[in-house]
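Remarks on the structure that follows.
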Amino acid sequence: MSTKSEERMVSISAELHGAWVQPGGAWDGRAVLFLHGFADDMDSVGKLSRRLSEVLAEQGIASLRINFRGEGDYDRTDIDSTLDTRKADTEQAWAFVTRQPGVAAGRIGAVGWSLGATTAIVVGAEHPEWFRTMVVWASPTGDQWAAMASSETAQRALREGQASQEWPHWKTITTKRAFYESFRGVDVDASLARYPGAFLSVRGSLDHFTANESDFLNRAPGLPRESVILGGASHIFNVFEPETGHPARLLGLTSDWLQRTL
């Protein structure tokens, strides 16, 4: 019997699709759900999430990566998602994972990057029994409405219904009023305080999201809980500059954590 892992493209619903990766050979039922960042896709920038899913499969951990509806295409410029659609997609994805033969329902984890981290924490608070462990990369903190609505682009979208912004070295992205409105009342720190599982936060010291990391970490009531700040790393962990060592370090930290806590 082959021991090679298998990646299978799956349809979770008519509009929600992803990639299910199951280890070859012996498998004890551990699985991880990946939640990508804003305007990204299931492989994530630099294919870092896909690379992690391959590492995990080699270590005997299955995974599901999803493309959020209205958003999950690296080349897409017109964004139709909201935090509510992201939450609904995550809930459907979690249910899909639990239905896969061999999955141990009590040994499911989550990995979220940036807005995917917000999504993971909010869902983890609303469904505290779902995730045994969680890893967040470059997570936002605090009052998300205040943070999201403060930009000139957001203010224009709230006034006019939509607005476009050029992101240097990436693409021009159009967002809608509903996207910003969906963050009203969302406080990541308060949500984290309601998530009881193991928790690891990893961010770069040059991330544009500034955070009091020790205060953020202390909101998490579960154990173990840890924080790692990679000195000199950006919001995307210098994924296009592998010589910095940050992408490899991120993958190693995450896979080690999941092996230890899942």
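Computed values, structure above
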read-out	value
Criterion: of a type in the set (A, V, I, L, M, F, W, C), over 30 Å from residue 31 (Cβ atoms), at pLDDT 95 or above and not assigned by TED's automatic domain parsing to the domain that holds residue 108 - qualifying residue of 154, 178	178
Failed criterion for residue 129 (all others in (1) surrounded by fewer than 21 Cβ atoms within 10 Å (Cβ to Cβ); (2) in contact (Cβ under 8 Å) with a residue 24 or more places away in the chain hold)	(2)
Selected residue [touching a strand residue (DSSP E or B) at 6+ places or on another chain (Cβ under 8 Å) and on the phi > 0 side of the Ramachandran plot] from 204, 232, 197	232
Residue that is surrounded by fewer than 17 Cβ atoms within 10 Å (Cβ to Cβ), over 30 Å from residue 259 (Cβ atoms) and not polar (S, T, N, Q), where the choices are 161, 102	161
Among (1) more than 15 Å from the chain's Cα centre (by Cα); (2) of a type outside the set (Phe, Trp, Tyr); (3) at pLDDT 95 or above - the single one residue 200 does not satisfy	(1)
Selection from region 106-157 of residues that are among the charged types (D, E, K, R) and either closer than 26 Å to residue 60 by Cβ or not in a helix (DSSP H, G or I) (or both)	107, 129, 132, 143
Some residue of region 38-47 being more than 13 Å from the chain's Cα centre (by Cα), over 16 Å from residue 12 (Cα atoms) and among the acidic types (Asp, Glu)	no
Top-ranked residue in region 33-63 [being polar (S, T, N, Q) and either touching a helix residue (DSSP H, G or I) at 6+ places or on another chain (Cβ under 6 Å) or surrounded by fewer than 21 Cβ atoms within 10 Å (Cβ to Cβ) (or both); ranked as modelled with the lowest pLDDT]	59
Counted residues, region 163-191 - those being among the hydroxyl-bearing types (Ser, Thr, Tyr) and touching a strand residue (DSSP E or B) at 6+ places or on another chain (Cβ under 8 Å)	4
Region 203-262: number of residues that are touching a helix residue (DSSP H, G or I) at 6+ places or on another chain (Cβ under 8 Å), among the aromatic types (Phe, Trp, Tyr) and under 22 Å from residue 50 (Cα atoms)	2
Pair list, Cβ under 7 Å, 6 or more apart: region 207-226 residue in the same structural domain as residue 134 (by TED's automatic domain parsing), other residue part of a helix (DSSP H, G or I)	216/189; 219/189; 219/192; 220/192; 224/261; 225/217
Flag if residue 174 is within 25 Å of residue 17 (Cβ to Cβ), surrounded by fewer than 20 Cβ atoms within 10 Å (Cβ to Cβ) and among the hydroxyl-bearing types (Ser, Thr, Tyr)	yes
For residue 92: the one exception among (1) closer than 19 Å to residue 8 by Cα; (2) touching a residue at least 24 places away in the same chain (Cβ under 8 Å); (3) not in a helix (DSSP H, G or I)	(3)
Of all residues making up region 15-32, the number that are of a type in the set (A, V, I, L, M, F, W, C), over 22 Å from the mean Cα position of the chain (by Cα) and either outside any loop (DSSP other than H, G, I, E, B) or surrounded by fewer than 17 Cβ atoms within 10 Å (Cβ to Cβ) (or both)	1
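The values are calculated or read from the model by the stated rules, or taken from the named source; none is laboratory data. Every value quoted in this text rests on a predicted model; they were computed, and no experiment measured them. We place every Cβ from the backbone using ideal geometry, glycine too, and count neighbours over all the protein chains shown.
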